[in-house]
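A.B. asks: Okay, handing you the structure first.
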């Protein structure tokens, strides 16, 4: 039985000026290395649990053949943004700045080093520096809701319910 790959979240600064070029290189490099890798906007990600939950929901969607995207990376982005439309998910949760993004990957230490090399990147201290106002807006969370639940709990709930509206 193959060892289960462990996901990790890294804060990354890459040597690209253009986010489109970075995302294309990330996709190519991850494919070459045989790893999962997806980049996210740190202003919208509330915790490591947010990304791990998004990935778990994406895997479940593929298992149940209820995925909206063709790749697990894009499905994870959809789940992290609580969206069913890829363009909306990119606008909400996709990486915007090649100098500051969160990377969710299953690369081990050696492959992470190779991946960062291909991105001309380096990891920075991991800190979740989300914008609470933007998170509330994106996930349609009210102050009333926050009286009983944490922002993280409400984001996770929105993600779980995404795509299941009647």
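A.B. asks: Scale the Cα Rg of segment 85-146 by the rule-of-thumb value 2.2 N^0.38 Å and send over the ratio, two decimals.
C.D. replies: 1.45
A.B. asks: Looking only at Cα atoms, what is the convex hull volume of the chain per residue, in Å³?
C.D. replies: Dividing the Cα hull volume of the chain by its residue count gives 123 Å³.
A.B. asks: Let me ask another. Would you mind estimating how fast segment 10-92 diffuses translationally, via Stokes-Einstein at 20 °C and 1.002 mPa s with the Kirkwood radius over Cα pairs, in µm²/s?
C.D. replies: Diffusion coefficient, whole number: 160 µm²/s.
A.B. asks: Continuing with the same structure: How much length would be gained if the chain were fully extended between residue 32 and residue 157, taking 0.36 nm per residue of separation minus their Cα-Cα distance, in nm to one decimal?
C.D. replies: So the extension gain works out to 41.5 nm.
Only the coordinates and a few stated rules stand behind these numbers; no lab work does. Keep in mind that this is a model prediction, so the values were computed, not measured.
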